[in-house]
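The values are calculated or read from the model by the stated rules, or taken from the named source; none is laboratory data. Please read these numbers as outputs of a predicted model, since none were measured by experiment. Because the Cβ atoms are built from the backbone with ideal geometry, glycine has one as well, and the counts that use them run over all protein chains shown.
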Amino acid sequence: MKRVKGMGGVYQPSYRDKKTGERVTVPTWWIYYNQRGKQIKESSRSTKESDAWRLLKKRHGEIDQGKPVGPDVTRTTFEDLMEMLKDDYAANARRSTAKLQTTIDHLAAVFAMDKAQDITTDRISKYVKYRKGEKAAAATINLELMRLSRGFTLALRAKKVASKPHIPLLAVQNTRKGFFEIEDFKRVLAHLPEEIKPVAITAYVTGWRVKSEILSRQPSHLDLKNGWLRLEPFETKNDDGRNFPLTPMLRDALEKQVRKTEALRREGIITPWLFHREGKQIKNFRWAWITACIKAGLGSETRDINGRRLKRSAKRIPHDFRRTAVRNLERAGVPRSTAKKLVGHKTDSVYNRYAIADEGMLKEAALKLASLHEADEKVAAPLKAVEK
């Protein structure tokens, strides 16, 4: 055993052969060192003493930098990262927990049984190439990479890995830009089933997320007397509570919905939902939506020679209501700080992403530009007369 004071040392382990009784020295060199009062032993995986000394110096350098070192770091696997990720999702009750396993399965096709330290940036690039070969969308690949990155972050915090590889994301240009003008909205609304109409009106006015924030409303969330529709804290994507004042259009739709619910109650049908189909919660209305859009001239349908439907699609989606509500509030002159609280945005990114601007300000800018051009013409006219 060879040692350096304060650093530890290097050695070749030995054992006694049970058959011959002789002492046998292992050809592989090992190192030992102290961290936080605990002695750590680690194989250099080399038969050269010089490699062992280099590894020992490297470990001391990592300790000086505050990096985690030791066998636990080198033994951490891809599966360990994913287990930590699962625990994190479960602990935080993330809505996407059910879909997490699909992501893990895709990642495991390339990284299964790998040590975490072997998942490098170049191997991640190969993973991206592999997923593109499977025709995966860029946004899907990015989601998988972000979850892998999260696994590494959790492992770093737990001191299970020494470092995190650079994980670059793909450029994604798939921003939806659909908006509803009032005429388009009324045409689609006219063709929607009666039970879906109040849902669409609520989405058009409030801009709230249809599935998680509107279809989940219960009668207790509606205060007709004081004129509010309410989202409780932790019911929203950003966990903030939200109140939306009842505009005339919204109030009219919700009052009719309350009357329908009361009529069902008199018939013995009790429902806990504000929006429902004969008392049953509405969970999806995709086909009804596509049909309404096609009838309103905002969709398309193809059929074969026998008249059978081949493909149906809509040019608008329910999430367009969210963008539309933001634009309507901007057009109405509502301050952005207030609009963000009503719709549920924390930053101005929605305005930048969809180029939503106050049309009044744009028209004012155009008038100022026109005035400048007129002034330029007045200055230039005498000069042109002199030249002639």
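Does any residue in segment 119-142 that is free of Cβ contacts under 8 Å to residues at least 40 places away in the same chain come within less than 8 Å, Cβ to Cβ, of a residue that is among the basic types (Lys, Arg) and assigned to a helix (DSSP H, G or I) six or more places away or on a different chain, and which pairs are these?
Thr140/Arg131; Ile141/Arg131; Ile141/Lys132
When the residues of segment 258-297 are narrowed to those that are among the polar types (S, T, N, Q) and either farther than 25 Å from Gly227 by Cα or not in a helix (DSSP H, G or I) (or both), which ends up farthest from the chain's Cα centre (by Cα)?
Checked segment 258-297; the qualifying residue farthest from the chain's Cα centre (by Cα) is Thr271.
Taking Tyr15 as the residue in question, decide whether it is part of a strand (DSSP E or B) and at pLDDT 85 or above.
Answer is yes for this residue.
Could you list, in sequence order, all residues of segment 300-343 that are touching a strand residue (DSSP E or B) at 6+ places or on another chain (Cβ under 6 Å), buried (at least 19 other Cβ atoms within 10 Å of the Cβ) and part of a loop (DSSP other than H, G, I, E, B)?
Those that are touching a strand residue (DSSP E or B) at 6+ places or on another chain (Cβ under 6 Å), buried (at least 19 other Cβ atoms within 10 Å of the Cβ) and part of a loop (DSSP other than H, G, I, E, B): none in segment 300-343.
Given the criteria closer than 15 Å to Pro318 by Cβ, in contact (Cβ under 8 Å) with a residue 12 or more places away in the chain and among the small types (Gly, Ala, Ser), does Ser216 qualify?
In short, yes.
Residues of segment 268-317 being more than 19 Å from Glu195 (Cα to Cα) and touching a residue at least 40 places away in the same chain (Cβ under 8 Å), which ones?
The answer is Gly297, Leu298, Lys315, Arg316.
Does Lys211 satisfy the condition of being of a type outside the set (Phe, Trp, Tyr) and more than 30 Å from Asn92 (Cα to Cα)?
The answer is no for Lys211.
What helices (runs of 4 or more DSSP H) completely inside segment 85-200 contain at least 2 residues that are closer than 30 Å to Ile282 by Cα and assigned by TED's automatic domain parsing to the domain that holds Cys293?
Qualifying helices (runs of 4 or more DSSP H): 182-191.
Please give the number of the condition Ile290 fails out of (1) modelled with pLDDT of 90 or more; (2) touching a helix residue (DSSP H, G or I) at 6+ places or on another chain (Cβ under 9 Å); (3) under 26 Å from Leu250 (Cβ atoms).
So the condition that Ile290 fails would be (2).
Just to be sure I understand, how many residues within segment 235-270 are touching a Gly at 6+ places or on another chain (Cβ under 8 Å), of a type outside the set (A, V, I, L, M) and either more than 22 Å from Leu329 (Cβ to Cβ) or exposed (fewer than 13 other Cβ atoms within 10 Å of the Cβ) (or both)?
The qualifying residues number 2.
Hey, among the residues in segment 161-186 that are among the charged types (D, E, K, R) and under 26 Å from Leu342 (Cβ atoms), which one's modelled with the lowest pLDDT?
Among them, the one singled out is Arg176.
Run Tyr204 past the list (1) surrounded by fewer than 20 Cβ atoms within 10 Å (Cβ to Cβ); (2) modelled with pLDDT of 95 or more and report the number of the one that doesn't hold.
(1)
Given (1) in contact (Cβ under 8 Å) with a residue 24 or more places away in the chain; (2) out of contact with any Lys or Arg (no Cβ under 8 Å at 6 or more places or on another chain); (3) under 30 Å from Val258 (Cβ atoms), where does His191 come up short, assuming only one miss?
(2)
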